[in-house]
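The values are calculated or read from the model by the stated rules, or taken from the named source; none is laboratory data. Not measured: the values here are computed from a predicted model. When we count neighbours, we look across all protein chains shown, and the Cβ atoms used for this are built from the backbone with ideal geometry, even at glycine. We work out accessible area using only protein heavy atoms, side chains counted, and drop any ligands, DNA or RNA first. Shrake-Rupley method; radii C 1.70, N 1.55, O 1.52, S 1.80 Å.
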Amino acid sequence: MNRLEEIWGPDAAEFDPERWFKLPEATNSVPSVWGNQFSFLSGPRSCIGFRFAVMEMKSILYTLIRNFEFKLGVAEEDILKTSAIVTRPMVRGQKDKGTQMPLIVTPWTP
């Protein structure tokens, strides 16, 4: 279901994060607890591993934040907020490159 051309279009098998800006109308009929994807289903028969998958994502994020220091790669005033389904960052003057958040990542040292 997550790669059906009838729902996602002819490029359904390709990785395209930009597709989340304008979801196809057909996705409204997909029952899900997460992002209109059939992966986790919905309701009483939803995936019992859904919460585990979310916990794994949180654990990875915690590990990254704990071990690295993140700094903006551009001036803060050059980061714009764009809204589609969710708010996403965009660099002023680089709209053609899509959403992005340039970061400088370095190992954290106490």
With label points set 7 Å from each Cα along the Cα-to-Cβ direction at S83 and W108, the distance between them in nm comes to 3.2
How much of T63 can a 1.4 Å solvent probe reach, expressed as accessible area in Å² and rounded to 10? 70
Got a sec to turn the phi values of segment 10-24 into Karplus ³J(HN,Hα) couplings, 6.51 cos²θ - 1.76 cosθ + 1.60 with θ = phi - 60°, whole Hz, x for Gly and Pro? x, 9, 4, 7, 8, 6, 8, x, 5, 4, 6, 5, 9, 5, x
Leaving ligands, DNA and RNA out of it, rank R88, R66 by accessible area with a 1.4 Å probe, largest first. R66, R88
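Could you tell me which of the pairs K22/K97; K58/K95; K22/K81 are separated by over 23 angstrom between their Cα atoms in the structure shown?
K58/K95
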Taking 0.36 nm per intervening residue step and subtracting the Cα-Cα distance, what contour gain separates E18 from L72 on full extension? 17.2 nm
Pop out the Kirkwood hydrodynamic radius of segment 65-106 from its pairwise C-alpha distances, inverse of mean 1/r, in Å to one decimal. 11.2
